[in-house]
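The values are calculated or read from the model by the stated rules, or taken from the named source; none is laboratory data. As the structure is a computational prediction, the values presented were derived from the model and not from experiment. Because the Cβ atoms are built from the backbone with ideal geometry, glycine has one as well, and the counts that use them run over all protein chains shown. Areas reflect the complete protein model, heavy atoms only, side chains present, ligands, DNA and RNA absent. Shrake-Rupley method; radii C 1.70, N 1.55, O 1.52, S 1.80 Å.
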Amino acid sequence: MNGKELSEYLKIIKQSVADFDDPEQARPAVEAITPAAEQGNARAQYMLGMYYYTFYSEDSSRFLPWMERAAESDNLQAIKFLADYYRFICDDMEQEQRQTLGRKWLYRMIDLLKKKADKGVVSAAKSLMNLYVHDRPCDMTETEGREAALAWHERLIEILRAKAEKGTVKDKKNLADALYNGCDVPEEIDSNLPDRADDAVRLYEEISDEKKDGASYYDLGRMYSREVSEEKAFECYMKAAEMGYTEAYYNVANAYLNGEGVERDFDKAFEWFQKAVDSGDTYAKLKLAQCYKRGAGCERDYAAAMALYQQVAGDKNLRRYSFVDEAEYELGNMYLKGLGVEVDLRKAYDYFKLAASHDNRAAENALNNKKFRDFQR
């Protein structure tokens with residue numbers, strides 16, 4: 001069996017395990033990879049272990065031997081499985097024995113991750129940082145675990161620095177992001193990290209000088225807005241926007257709307273919000289609707305504002321975004337006050353209730369209006 005065929009069979013079993021399908025559907029693939037597993041292929045061994053554990057977990061003799069063979073070959077997934085299994089799942093042996101085996105495999109996982117981190121593998125250092133916070137060995141105190149996690153964060157930064165010095169602009173950006181945002185740092189240690197914002201700004205400046213493209217100017221603008229000044233941020237956003245980097249359109253428009261880093265100019269704000277909407281920025285629709293509602297940079301047009309709010313509130317694909325409740329709230333307000341439509345308390349109440357169900361505080365307050373008393377009975 002060649003590598004491509006093996007990968008296809010492994011994919012079939014992996015999907016069956018993930019979907020918890022009928023085990024017989026994956027049986028041909030299981031039988032096909034068994035010879036490879038018997039010959040020492042750790043990937044095949046691990047996947048057989050997962051198959052038998054998923055569908056025949058009551059019989060540890062079917063899955064543990066495969067997991068142990070894969071783990072002995074340094075398959076990280078198998079090692080993690082065994083560490084978790086003996087510590088949290090296994091119930092057919094004495095507690096002391098379970099703890100001993102769980103500790104053995106956990107430290108085996110730590111040793112393997114350390115070796116990978118020593119070779120400059122970023123994900124290994126990141127995994128160790130998180131492990132010592134969320135899954136530290138039982139013989140370590142919480143304080144010791146956090147200290148170890150902080151040490152691995154510093155090691156992570158060292159690895160990223162080494163890559164940035166020898167690598168590409170992308171490597172520099174990874175380092176800059178980590179210096180500023182911490183690189184997926186657990187919140188338990190976030191407050192203990194040193195402030196490296198100045199280093200991050202310097203790197204973003206270097207990146208924009210090298211690339212001179214819209215994306216790098218946009219990133220630098222975001223950094224300037226947090227750490228330097230709104231004026232410098234606006235300059236970068238405008239450079240990015242003029243280069244056609246569409247994500248910057250909203251930032252330019254918002255700066256003009258609020259006078260952040262540039263003199264307030266409603267006409268230009270409207271112009272750039274329209275460009276952002278035309279480029280597919282859904283959140284910009286709310287701001288453009290606000291312009292129409294207020295007559296900022298345009299003639300006041302409640303119908304246009306209503307249409308934009310309805311587009312956002314009615315798009316089912318946007319339900320996962322927090323800003324949808326803003327559109328629902330605004331629609332409630334327009335029906336409550338009769339802005340461009342006839343006053344309709346029923347519709348106002350329904351939109352406020354919908355927005356409140358999405359945690360909009362203003363809508364929750366609006367529902368206390370005495371006008372809605374009859375609808376709340």
With a/c under 1.5 counting as rounded, go ahead and sort the range 313-377 into rounded, prolate or oblate using the C-alpha gyration tensor (a ≥ b ≥ c being the square roots of the eigenvalues; past the cut-off, prolate if a/b is larger than b/c, else oblate). oblate
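Sort the following peptides by mean Cβ neighbour count (other Cβ atoms within 10 Å, averaged over residues), highest first: 273-285, 164-176. If you can, show how the numbers build up before the last one.
On the way: 273-285: 19.0, 164-176: 16.5.
Taking the mean over residues of other Cβ atoms within 10 Å, the ranking is 273-285, 164-176.
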Note to self: C-alpha centroids of the range 253-310 and the range 319-377 sit apart, in Å, by 22
Setting aside same-chain residues fewer than 8 positions from Lys370, which aspartates and glutamates have a Cα under 16 Å from its Cα? Asp344, Asp350
Of all C-alpha pairs within the range 70-139, those more than 20 angstrom apart amount in percent to 28
For Asp91, net neighbour charge (Lys/Arg +1, Asp/Glu -1) across residues whose Cβ lies under 15 Å away: -4
Kindly provide the pair-distance distribution of the range 79-232 built from C-alpha pairs, with 5 Å bins from 0 and whole-percent values in order of increasing distance. 2, 9, 16, 16, 15, 12, 10, 7, 6, 4, 2, 1, 0, 0
Calculate the dipole size of the chain relative to its Cα centre from +1 charges on Lys and Arg beta carbons and -1 charges on Asp and Glu beta carbons; express the result in debye to the nearest 20. 500
Over all Cα pairs of the range 1-59, the Kirkwood radius sets Rh, and Rg/Rh then becomes 0.94
Calculate the all-directions average of the projected area of the range 191-257's alpha-carbon convex hull, and give it in nm². 4.8
Computed helical MRE - 222 nm, the chain, DSSP H runs ≥ 4 contributing -39500 (n - 2.57), nearest 500: -23000 deg cm²/dmol
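Kindly identify the range 273-312 as rounded, prolate or oblate by the Cα gyration tensor criterion: order the square roots of the eigenvalues as a ≥ b ≥ c, call it rounded if a/c is under 1.5, otherwise compare a/b with b/c, prolate if a/b is larger, else oblate. Present the calculation step by step, with values, prior to reporting the outcome.
Numbers: a/c = 2.39, a/b = 1.37, b/c = 1.74.
Oblate is the answer for the range 273-312, as a/c is 1.5 or above yet b/c matches or exceeds a/b.
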Give me the percent of Cα-Cα pairs in the range 247-289 that sit more than 14 Å apart, rounded to a whole number. 33
Expressed to one decimal in nm², the mean projection of the alpha carbon convex hull of the range 146-227 is 5.2
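Expressed as a whole percentage, what fraction of the accessible surface of the chain belongs to carbon and sulfur atoms when a 1.4 Å probe is rolled over the protein heavy atoms? Each step should come with its number before you reach the end.
Details: 8990 of 20440 Å².
After summing per-atom areas, the C and S share lands at 44 percent.
Where the convex hull is taken over the Cα atoms of the chain, what is its projected area averaged over directions, in nm²? List each step's numbers first, then the result.
Numbers: hull surface 107.6 nm².
So the Cα hull casts an average projection of 26.9 nm².
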Work the Kirkwood hydrodynamic radius out for the range 151-294: mean of 1/r over every pair of different alpha-carbon atoms, inverted, in Å. 16.4
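Using alpha carbon coordinates only, what is the Rg to Rh ratio of the range 236-377, with Rh defined as the Kirkwood radius? Write out the running numbers ahead of the final one.
Working: Rg = 16.3 Å, Rh = 15.9 Å.
Using Cα coordinates only, the ratio equals 1.03.
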Which one, Phe266, Tyr256, Asn333, projects farthest toward the positive side of the charge dipole computed for the range 251-377 from Cβ point charges (K/R +1, D/E -1)? Asn333
Please label the shape of the range 28-132 as rounded, prolate or oblate, based on the square roots a ≥ b ≥ c of the eigenvalues of the alpha-carbon gyration tensor (a/c under 1.5 means rounded; beyond that, a/b larger than b/c means prolate, else oblate). oblate
Jot down the per residue volume, in cubic angstrom and as a whole number, of the convex hull over the alpha-carbon atoms of the range 126-194. 75
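Hey, what does the equivalent ellipsoid look like for the range 258-337, semi-axes from the Cα gyration tensor as sqrt of 5 times each eigenvalue, largest first, whole Å? If you can, show how the numbers build up before the last one.
On the way: eigenvalues 89, 48, 23 Å².
Three semi-axes, in Å: 21, 15, 11.
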Cα to Cα, under 20 Å, and not fewer than 8 places away if on the same chain: which lysines meet these conditions relative to Lys126? Lys80, Lys114, Lys115, Lys116, Lys163, Lys170, Lys172, Lys173
In degrees between 0 and 90, to the nearest 10, how far off the longest principal axis of the chain does helix 197-211 point, with axes built from Cα atoms? 80
Lysine pairs in the range 213-289 with Cα distance under 17 Å, only those 8 or more apart or on different chains: how many are there? 6
Cα long-axis angle, helix 95-118 against the chain (0 to 90 degrees, to the nearest 10): 70
Karplus-derived HN-Hα couplings along the range 125-132 (A = 6.51, B = -1.76, C = 1.60, θ = phi - 60°), whole Hz, x at Gly and Pro: 5, 5, 4, 5, 4, 6, 4, 6
